2 protein chains.
Amino acid sequence: MSISLLQQERHRYLPKVPDLLRGDFRRVCARRGLSTTAVADYDALRSLFARTYGQPLVNFVNASEKNEDSPMETAPEPRGLRVAIVLSGGQAPGGHNVIAGLFDGLKRWHADSVLIGFLGGPAGVLSGDHIEICADRVDAYRNTGGFDLIGSGRTKIESESQFAAAAQTVTRMALDALVVVGGDDSNTNAALLAEHFVNSGISTKVIGVPKTIDGDLKNEAIETSFGFDTATKTYSELIGNIARDACSARKYWHFIKLMGRSASHIALECALKTQPNVCLISEEVAAQSLTLAQIVQSLCDTIATRAQHGEHFGIVLVPEGLIEFIPEMKALITELNEVMARRAQEFEALDTPDAQRVWIEQALSASARAVFNALPAEISTQLLADRDPHGNVQVSRIDTERLLILQVTERLAQMKQEGTYTGVFSSIAHFFGYEGRCAFPSNFDADYCYTLGLTACLLAVHRFTGYVASVRNLTSSVAEWAVGGVPLTMLMNMERRHGSQKPVIKKALVDLEGMPFRVFSRRRASWALKTSYVYPGAVQYYGPPAVCDEPSVTIRLERPAPAANSSFGHRSS
Amino acid sequence: MSISLLQQERHRYLPKVPDLLRGDFRRVCARRGLSTTAVADYDALRSLFARTYGQPLVNFVNASEKNEDSPMETAPEPRGLRVAIVLSGGQAPGGHNVIAGLFDGLKRWHADSVLIGFLGGPAGVLSGDHIEICADRVDAYRNTGGFDLIGSGRTKIESESQFAAAAQTVTRMALDALVVVGGDDSNTNAALLAEHFVNSGISTKVIGVPKTIDGDLKNEAIETSFGFDTATKTYSELIGNIARDACSARKYWHFIKLMGRSASHIALECALKTQPNVCLISEEVAAQSLTLAQIVQSLCDTIATRAQHGEHFGIVLVPEGLIEFIPEMKALITELNEVMARRAQEFEALDTPDAQRVWIEQALSASARAVFNALPAEISTQLLADRDPHGNVQVSRIDTERLLILQVTERLAQMKQEGTYTGVFSSIAHFFGYEGRCAFPSNFDADYCYTLGLTACLLAVHRFTGYVASVRNLTSSVAEWAVGGVPLTMLMNMERRHGSQKPVIKKALVDLEGMPFRVFSRRRASWALKTSYVYPGAVQYYGPPAVCDEPSVTIRLERPAPAANSSFGHRSS
């Protein structure tokens, strides 16, 4: 096996951990805070999670912090624990460090502890397919990207037969706890599983770990999901490099779509890091009910104004989920999904794209048809062609960056005729996603994930279930990070899915009142017209801490550290 | 202005320089070696370059190395020099360090020296548009990527009127020397300009600097062009990240096209760094006269074999220029270019893509028509649509990675029916180019470029013209690097361009007998079937020298350092 020199060095990196977790775990006590509710739909959730709803927040503290006002529970007598971990959903940098932290924590707790990894994601929990994670194995993956130690998968555990299969596996394997590393859906499943196990008298505890590069799994107590920091640093490296190319060559507009699903956190973070000319924010588009034509016109206005100043180049960031947040497009997609679901056989029987197009046009409402027909042919074709097994349009596969380029090109041609644009428009489209999901975790994510693993271990030791590991004060030094657990139901509400109300963790979209968006919206007008690019460069793992260890701009704006830190990744000079 | 934290730190990086260049420049002497010839076409070139053909190689040495067998020339008495620099063609990481090295060298030579930067590439030489590069300006750009300090451009200086305009500029500005930073075309222009100036009695010397991420400007004395190291490290970071994603998710084949124009150096270097399942090498395709169908079949065989082992994922690297090296495609493109040039008006008069297609089909020969019709519609449409101002097909804009995916998908469907393939094929296409051209230069490129700038300064001080700066022993420690000059005519031959024979620097394509390709071809069969990915990670500027300072694998295989160094970017364990 060949291993890169960086990887060899990274194997030796020792993640920084909070002071609390450096000492003897037997001295770590659990302090229960106030009991919790949910995001909304309290009654429905209370009845669905009769045993696990409303549990208190948990903070781990040192035994020396004992005080009478807030009692705390000491750790039980150490014994070997049997804990399993499963990675669920898309890759995020740092997953291997969660495993390493959990492994090290369990061994520190008791040398007889065993860590098991389910293979290939939740499907492994159902089938029981697993490996034991031993020291040699985990050492080879410390501080590396990827989920390849045990793999991942997208199977959801949500039906009764699946619960039964999972229960059988954890019982047969005599697991004290199952740690589920995942995003909103996977942690929803973890909550359901926790409730199911309690109800069924199964002693296996279920603990979640907040993973997703998308950054949309957070609340007051979950400051960020892991992977967001590294992924956005990787994308920002590339955006910065392209921006430097743009203002060296001075002849291209680069339209860069960024992964992130519905939420625009990734695009916003990258914008704060790199200061592009334009960054579209889906949540704002929805809030203002912008039409595609309005978005295109706004882009064209920026392009035209820059052209007046001789700047025939620029950078536009496009969040992956944009198209669903444009009201008219959302309505079209909803109608397409409904028509195709209801009349799937008719549609499938048509054997040419042209016949499909004619058929769909007559099947759509007048307003949806108008939107559909206004789209460039290559995009409307994608809407018909790229559908998932349920017949739904795969929004993430729509080339939104191409759509914008095509519409902008057309509109600029009109403006040229009208005399409101005099430039030359050349464009290049990019899409970044897979480039960042498996990068070597930044020092921040390496430290954060390792600490999450240790925290999950403590939650297992203290016999909590239905909790997600929580590490807070992330903008302070690692020594001061606080660790604990948040009841999963606290993150939930009820939403309509596949025709019925389901309990789900509510996605945290970009808050238009939050500091990250407010800082962005204050500055963007100046970035649009005046080239103000910042070039973050490649993620650095060695060197000055300011370069190597800083957390994301988003979290620093959301949660300013006690010591003022206003640099957000660069300094003004 | 906002500056990233990394950029602030990089401003302070002090490039390492050869021992020879650390001391007093007055102690640096020029030793002339043997006189040179050219790559081919000696007589034609000797007559075209009557004054500058056949000049000797030049090595700079310390005055203390004086010996009777090889006489050397001491430096002239220091005086303030007026030198200008121009950046030409596509961006490459390190251009700013060439400027910084040249600036520092000139100031060390004499405090009254002046460095001028022509703006916007060679067009600036013609118009005289320039800035003086002062200390503040250059300091703000040390060790940064991009060409934005003075910009670049693609204007060629090759006509008599252009020579006259350039002569007027350099005379008016009383330049002692003009330093041209560029690739093969730009250095060809530099050679012509040098000859023209000598012929015209103009005392301005012309000195080239070998720039191109493509790595195709090299010979015995030019070990590598600058930018290749950083660009390939940046692409390899991304390829490694995607490879890790591929073997974590286990469900996608990623087809990654890489910039590099005709030569496959970039793809080969990235393959040596990351060990993908497949890396196509254009030069090999041409040497073996492979058809598109053969390439596709070979890909399908690899995909099918991996599927048998349960590996429904993989990485395929595709050099940008591939399509032109497939004989049947080359013939088709040549015919298309000819037809469109000869009958442009007829073609332009057709107003629909379908009409154009019908017209072109009847205009092509039977064999070209067969190739054209066998292409997927979206690719043949590109061949007709994306043409440059001369009507030529823009090969670099053809989505070769998409072409391969479409053909592979089709062929795998056939193989499934034939029973020779049982897997599931899902693919994702990527193209990397702009991401790497303006990255912060690696330590290697930062050191190399700074040394190239110092070397260009010495060539100016010693009054050489028609030379390209040469830094050798690049696989040894920087202290031992040797510096000198290579006559530009030594890199040249005659080639047919736009219908007539022109002197040009011969592109160095991948040598199928060279060590980089031989090592690759020995190992690729094993990489194809057994997942052997290496993850180089982000370019590191701080930390262990092995991680931060290593030159490219290509150069280390081409020129093993005296001390055996077999690691090529990773170690086997």
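Worth pointing out:
- Per-copy distances of the A:P353 label point, shortest first, in nm (7 angstrom along Cα→Cβ): 0.7
- Across identical copies of the chain, A:E65 has label-point separations of 6.6 nm, listed in ascending order, with the point defined 7 angstrom from Cα along Cα→Cβ.
- Semi-axis lengths (Å, descending) of the ellipsoid that matches the C-alpha gyration tensor of region B:231-434: 32, 20, 14
- Long-range HN-HN contacts of B:I85 with modeled amide H, under 5 Å: B:I116, B:G117, B:F118, B:V179
- Relative to the longest principal axis of the Cα atoms of chain A, helix A:327-342 runs at roughly 70 degrees.
- For the listed residue pairs A:K257/B:K218; B:K205/B:K502; B:K205/B:K233, the alpha carbons are over 25 angstrom apart in A:K257/B:K218; B:K205/B:K233.
- Relative contact order [Cα under 8 Å, 6+ residues apart], region A:231-434, whole percent: 31
- Region B:428-567, Rg to Rh (Cα coordinates; Rh as Kirkwood inverse mean 1/r): 1.01
- Angstrom value of the Kirkwood radius, inverse mean 1/r, which spans all Cα pairs in region A:259-340: 13.8
- Set the Cα radius of gyration of the protein assembly as shown against 2.2 N^0.38 Å, with N its number of residues, and you get 0.97.
- Cα-Cα pairs of region A:90-186 separated by more than 17 Å (percent): 51
- Using a simple spin-label model with pseudo-atoms 7 Å out from Cα toward Cβ, B:S47 and A:T409 lie 4.7 nm apart.
- Helix axis angle, B:292-308 relative to chain B longest principal axis, alpha carbon, degrees: 70
- Coupling constants for region B:53-60 follow from the phi torsions by the Karplus curve (6.51 cos²θ - 1.76 cosθ + 1.60, θ = phi - 60°), and in residue order they are 6, x, 4, x, 4, 10, 10, 8 Hz; glycine and proline get x.
- Cross-link partners for A:K251 among the lysines, with Cα-Cα distance under 19 Å and sequence neighbours closer than 8 places in the same chain left out: A:K416, A:K530, B:K156.
- DSSP-defined antiparallel bridges as percent of all bridges, the protein assembly as shown, nearest 5: 45
- Average beta-carbon neighbours from other chains, 10 Å sphere, peptide B:146-152: 5
- Sorted peptide list for A:68-76, A:325-333, B:438-446, criterion being average Cβ within 10 angstrom, highest first: B:438-446, A:325-333, A:68-76
- With the label put 7 angstrom out from Cα along the Cα-to-Cβ vector, B:D139 ends up 4.9 nm from the copy partners, going from closest to farthest.
- Crossing angle, helix B:353-363 versus chain B [Cα axis fit, 0-90 degrees, rounded to tens]: 90
- Taking the square roots of 5 times each eigenvalue of the Cα gyration tensor of chain B, largest first, gives ellipsoid semi-axes of 43, 29, 21 Å.
- Averaged over B:7-18, number of beta-carbon atoms from partner chains that fall within 10 Å: 2
- Peptide A:427-435 has a mean shielding of 5, counted as Cβ atoms of other protein chains within 10 Å of each residue's Cβ.
- Summing charges over neighbours of B:R172, with a neighbour being any other residue whose Cβ is under 13 Å away from its Cβ, gives 0 when K and R count +1 and D and E count -1.
- Beta bridge orientation in region A:231-434: antiparallel %, DSSP, nearest 5: 5
- Over chain A, dividing the summed -39,500 (n - 2.57) contributions of all DSSP H runs of at least 4 residues by the number of residues returns a 222 nm mean residue ellipticity of -13000 deg cm²/dmol.
- Each peptide in B:481-493, B:230-242 gets a packing score, the mean of other Cβ atoms within 10 Å over its residues, and the list from highest to lowest is B:230-242, B:481-493.
Read-outs throughout are calculated quantities, based only on the coordinates presented, and are distinct from any laboratory measurement. In this text the structure is predicted, and so the values were computed from the model without any measurement. Every residue, glycine among them, receives a Cβ derived from its backbone with ideal geometry; neighbour counts consider all protein chains shown.
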